[in-house]
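A short write-up of the structure that comes next.
The values are calculated or read from the model by the stated rules, or taken from the named source; none is laboratory data. Just so it is clear, the model here is predicted, and its values are computed rather than measured. Methodologically, a virtual Cβ is constructed for each residue, glycine included, from the backbone with ideal geometry; neighbour enumeration extends over all protein chains shown. With ligands, DNA and RNA removed, areas are computed over all heavy atoms of the protein, side chains included. Shrake-Rupley method; radii C 1.70, N 1.55, O 1.52, S 1.80 Å.
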Amino acid sequence: MGKIYNEITPELTSWVQKQHVFFVATAPSAVEGHVNCSPKGLDSLRILTPQTVAYADLTGSGAETIAHIRDNGRIVLMFCAFEGPPKIVRFHGTGETVLPGTTLWKELAPKMHLKPSTRAIILIHVTRISDSCGYGVPIMPFVEDRDVIDRWVETKGIENLSAYRREKNARSIDGLPTAEFE
């Protein structure tokens, strides 16, 4: 039977920090809109307080999470143990997109592991914390982080990322606006 927590405990923090991947899910308000679920990794997550987490959002082929947060704020992060005892942990909450150059960015950036491809920090105010068994999650040992995004940025050129974001990340697949990228 799963458990509900009042806050992100030190034990949960320790467990979450050992996971190499987590998943972010969001959905637009519109019934016909597409639900989005994205894997994240590369040491991008930080637990800031017992009710607040943040992760570095990297430039990609889309920006669904940012569009959905702008639309309704709803977000859930899911962690599952691929090694060791089975366990799943979910953080439900309200997200906020923090862009470079803002006061909040200047406050959060030193606490994060940012990469040249980081386009935003997603800040989550956690309202529900729960765990469940994870019995159906396979055991899959961690081999290594991928360096593909770093190589992509080298090839693309950091100076060209702004134009890429404006062209490829301005709207969600449902046409929702994302953010005013630099």
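In segment 22-47, of all residues being among the aliphatic types (A, V, I, L, M) and buried (at least 17 other Cβ atoms within 10 Å of the Cβ), the one that is nearest to residue 176 (Cα to Cα) corresponds to 27.
Residue under question is residue 164, and the condition is that it be aromatic (Phe, Trp, Tyr) and in contact with a Lys or Arg (Cβ under 7 Å, 6 or more places away or on another chain); does it hold?
For residue 164, the condition - aromatic (Phe, Trp, Tyr) and in contact with a Lys or Arg (Cβ under 7 Å, 6 or more places away or on another chain) - is met.
Restricting 98, 53 to residues that are open to solvent by less than 20 Å² (accessible area, probe 1.4 Å), closer than 19 Å to residue 19 by Cβ and either without any contact (Cβ under 8 Å) to a residue 40 or more places away in the chain or within 13 Å of the chain's Cα centre (by Cα) (or both) narrows the list to 53.
Filtered by the rule that a residue be out of contact with any Pro (no Cβ under 9 Å at 6 or more places or on another chain), open to solvent by 40 Å² or more (accessible area, probe 1.4 Å) and modelled with pLDDT of 95 or more, segment 169-181 gives 173, 177.
Any residue at all in segment 116-123 that is within 18 Å of the chain's Cα centre (by Cα) and either open to solvent by 80 Å² or more (accessible area, probe 1.4 Å) or farther than 16 Å from residue 40 by Cβ (or both)? Walk me through how you get there before you give the answer.
Filtering segment 116-123 down to residues within 18 Å of the chain's Cα centre (by Cα) leaves 116-123.
Those still in the list that are either open to solvent by 80 Å² or more (accessible area, probe 1.4 Å) or farther than 16 Å from residue 40 by Cβ (or both) too: 116.
Within segment 116-123 (the criterion being within 18 Å of the chain's Cα centre (by Cα) and either open to solvent by 80 Å² or more (accessible area, probe 1.4 Å) or farther than 16 Å from residue 40 by Cβ (or both)), the answer is yes, since at least one residue qualifies.
When segment 1-18 is limited to residues that are open to solvent by less than 40 Å² (accessible area, probe 1.4 Å) and of a type in the set (S, T, N, Q), the one that is farthest from the chain's Cα centre (by Cα) turns out to be 9.
Within the option set 128, 146, being closer than 21 Å to residue 54 by Cβ and open to solvent by 80 Å² or more (accessible area, probe 1.4 Å) holds for one residue only, 128.
Go through 30, 25 for me and flag whichever is among the small types (Gly, Ala, Ser) and assigned to a strand (DSSP E or B).
25
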